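All remarks here apply to the structure that follows.
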Amino acid sequence: MGMSSYVLDVEEAFWDKVYNKITESEHISEAMNFAVELGKTEVPSLDAYAIEEVVSEGWDEVWSIYAK
């Protein structure tokens, strides 16, 4: 396994954890805090703003089905 493959696998595992947290969180801030803190150790190449943007989009996507 090459280094780039490893990095992509780690990043994919990170986003899977974040998605799971989004689905179980009661408020977006809970998911955001989790993702930003986890990102510091698991994907330090991503900044907090980028992580927050993806969490926000994911939150809207996951919870939009309940807003109808």
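In table form, for the structure just shown:
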{"read-out": "Distance (nanometres) between label positions extended 7 Å along Cα→Cβ at residue 30 and residue 3", "value": "3.9 nm"}
{"read-out": "Label zone at residue 67, where the point sits 7 Å out along the Cα-to-Cβ direction: segment 21-47 residues whose backbone N lies under 13 Å", "value": "28"}
{"read-out": "Square roots of five times the Cα gyration tensor eigenvalues for the chain, Å", "value": "24, 13, 9"}
{"read-out": "Carbon/sulfur fraction of accessible area - the chain, other protein chains in place, 1.4 Å, %", "value": "55 percent"}
{"read-out": "Accessible area of the chain divided out per residue, in Å², using a probe of 1.4 angstrom", "value": "71 Å²"}
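The values are calculated or read from the model by the stated rules, or taken from the named source; none is laboratory data. The structure presented is a predicted model; accordingly, all values stated were derived computationally and were not measured. Because the Cβ atoms are built from the backbone with ideal geometry, glycine has one as well, and the counts that use them run over all protein chains shown. All accessible areas refer to the heavy atoms of the entire protein, side chains included, with ligands and DNA or RNA removed. Shrake-Rupley method; radii C 1.70, N 1.55, O 1.52, S 1.80 Å.
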